[in-house]
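Student: Take this structure, written in structure tokens, and hold onto it; I'll ask about it next.
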Amino acid sequence: VFAGPSFAQQQRPGPLLQTPLNDLPDREGVMLVVAYAPGAASPKHRHNAHTFVYVLEGSVIMQVEGGERVTLAAGEAFYETPEDIHVVSMNASETEPARILVFFVKQQGAPLSIPVP
């Protein structure tokens, strides 16, 4: 999703699953795992997709522009609309890693994430 040592990083070189959603024209589902090193965060971004996040390990802090900042533990979930700007996406711990499973419903061929200045 993002590169660099201080950012959250996609755990595998590609998605776990990427498939057309035949009953939703020009849409696809994409599933991937994102790993956060201790203290890691992603820069401000958007997905232009319905984005479902499930915390697999550790805890993460999430916030979309205009929304509440929430801390999610393993087993908890978060949702972003296609219009949301993701202003906070970070590991809540400075000492333990965190991993999330992300599922997108997006336009086929569109990028997974777009940086926002």
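The values are calculated or read from the model by the stated rules, or taken from the named source; none is laboratory data. Model, not experiment: these values are computed from the prediction. FYI the Cβ positions are ideal-geometry reconstructions off the backbone, even for glycines, and counts take in every protein chain you see. Ligands, DNA and RNA are stripped out before the accessible areas are found, and what is left, the full protein with its side chains, is counted by its heavy atoms. Shrake-Rupley method; radii C 1.70, N 1.55, O 1.52, S 1.80 Å.
Student: Of the numbered conditions (1) assigned to a loop (DSSP other than H, G, I, E, B); (2) closer than 16 Å to Ala35 by Cβ, Leu101 fails exactly one; give the number of that condition.
Tutor: For Leu101, the failing item is (1).
Student: Against the conditions (1) over 12 Å from Val34 (Cα atoms); (2) buried (at least 18 other Cβ atoms within 10 Å of the Cβ), where does Ala110 fall short? Just the number, please.
Tutor: Condition not satisfied by Ala110: (2).
Student: Okay, next question. Kindly establish whether Val87 is outside any loop (DSSP other than H, G, I, E, B), modelled with pLDDT under 95 and surrounded by 16 or more Cβ atoms within 10 Å (Cβ to Cβ).
Tutor: Numbers: outside any loop (DSSP other than H, G, I, E, B): yes; modelled with pLDDT under 95: no; surrounded by 16 or more Cβ atoms within 10 Å (Cβ to Cβ): yes.
No, not satisfied.
Student: Say we look at the range 26-83 and pick out the residues that are part of a strand (DSSP E or B), open to solvent by 40 Å² or more (accessible area, probe 1.4 Å) and more than 15 Å from Ile100 (Cβ to Cβ); which of these is modelled with the lowest pLDDT?
Tutor: So the residue we want is Arg46.
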